[in-house]
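Below is one structure, written out as structure tokens, with a few remarks after it.
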Amino acid sequence: MMLPRRTFLKIASASAASLVFPMLSGAAEAAPPKKTHLVTLSFDDGFRKSFARIAEIFEKRRLSACLNIVAAGLPEDAYIKNSPLGDFTLWNELKQRGHEIMPHGYRHENLARLPLDQAQDLVRRCLGVFAEKLGGFDPKQAVFNFPYNASTPELERWLPTQVRAFRTGGGAINPWPRSGQAKLTCVSSGPGNCEAAIDRELARLLARPSGWLVFNTHGLDEEGWGPIRASYLEALLDRLLARESVEILPAGRALAKYAV
Ligand SMILES: [Zn+2]
């Protein structure tokens, strides 16, 4: 292909300049410290009070929170019923402020206990609510977070035709994100405070050369199954930010950034 002469000159002079002055091409700039450990704190269910506070705590540190919410109303789950959930007015506001808002079921059904077609219908209905009510929602970038982290092999095969990826139960430490990855596994711990479990999984992560910890947690202080204290979350994020090897990202953003 013939390049127009002006374009050719531009390319030629840019290459020549980069040979003589490597700084002009960016080669001499200090590379950012290489990240080897990813941490995703994946908050489920959508408690109004807790999620607003979690968002504030992440924002204060220029981080995005990973918030997974139930699409339609209050499910029949004692731990969720006891605390008011937020609504799409709040979810849209938090998304606009840079947080990740992802689906966590239509009404928090245990999809693994349902016939496949019913489970698929509920996933479609959940995604339909997101498409209708959450500005900028793109299923191609979405992570579906199974309620109760309960999936089946059939659902796992089907989900990537609907969304970018899904999160289900399994080990807390995933390998570094890889191209085409659709399955993330996580652990959670409850019904009491789950801080010790997070500390334990983090220690395991940091003892390895690299990896991606996906820990599924819920509300703050007294809200939800397996809560953590707000003060613990603040101290935890500060502790992680002090480590150069660690990057704190929501699940979807970790895939978009590294699984390419
Ligand atoms: Zn849940």
How many residues does the range 202-225 hold that are farther than 21 Å from K257 by Cα, modelled with pLDDT of 95 or more and buried (at least 21 other Cβ atoms within 10 Å of the Cβ)?
-> 4
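Evaluate the following for P160: is it in contact (Cβ under 8 Å) with a residue 60 or more places away in the chain and either under 27 Å from W225 (Cβ atoms) or surrounded by fewer than 20 Cβ atoms within 10 Å (Cβ to Cβ) (or both)?
Details: in contact (Cβ under 8 Å) with a residue 60 or more places away in the chain: no; either under 27 Å from W225 (Cβ atoms) or surrounded by fewer than 20 Cβ atoms within 10 Å (Cβ to Cβ) (or both): yes.
No; evaluated as a whole, the condition is false for this residue.
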Would you check which residues across the range 138-154 are buried (at least 21 other Cβ atoms within 10 Å of the Cβ) and assigned to a helix (DSSP H, G or I) and list them?
-> P147
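Would it be correct to say that F43 is within 16 Å of the ligand (Cβ to nearest atom), surrounded by 13 or more Cβ atoms within 10 Å (Cβ to Cβ) and not polar (S, T, N, Q)? Full working, then the answer.
Details: within 16 Å of the ligand (Cβ to nearest atom): yes; surrounded by 13 or more Cβ atoms within 10 Å (Cβ to Cβ): yes; not polar (S, T, N, Q): yes.
Against the criterion (within 16 Å of the ligand (Cβ to nearest atom), surrounded by 13 or more Cβ atoms within 10 Å (Cβ to Cβ) and not polar (S, T, N, Q)), F43 qualifies.
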Filter pass, R229 being among the charged types (D, E, K, R) and within 26 Å of A131 (Cβ to Cβ) | no
Determine, yes or no, whether A203 is small (G, A, S), closer than 20 Å to E56 by Cα and more than 16 Å from the chain's Cα centre (by Cα).
-> no
Taking the range 78-91 as the region of interest, how many residues are touching a residue at least 40 places away in the same chain (Cβ under 8 Å) and either of a type outside the set (S, T, N, Q) or away from the ligand (no atom under 16 Å from the Cβ) (or both)?
-> 7
Verdict on L127 being of a type outside the set (D, E, K, R), more than 14 Å from the ligand (Cβ to nearest atom), more than 27 Å from A259 (Cα to Cα) and surrounded by 14 or more Cβ atoms within 10 Å (Cβ to Cβ) | no
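Can you confirm whether L213 is away from the ligand (no atom under 16 Å from the Cβ) and in contact with a Cys (Cβ under 9 Å, 6 or more places away or on another chain)? Please lay out each step first, then the result.
Details: away from the ligand (no atom under 16 Å from the Cβ): yes; in contact with a Cys (Cβ under 9 Å, 6 or more places away or on another chain): yes.
Yes: the conditions hold for L213.
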Among residues of the range 92-124 being within 12 Å of the ligand (Cβ to nearest atom) and of a type in the set (D, E, K, R), the residue surrounded by the most Cβ atoms within 10 Å (Cβ to Cβ) is E109
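The values are calculated or read from the model by the stated rules, or taken from the named source; none is laboratory data. From a predicted model like this one, the values you see are computed outputs, not experimental measurements. No Cβ is skipped: glycine too gets one built from the backbone with ideal geometry, and neighbour counts run over all protein chains shown.
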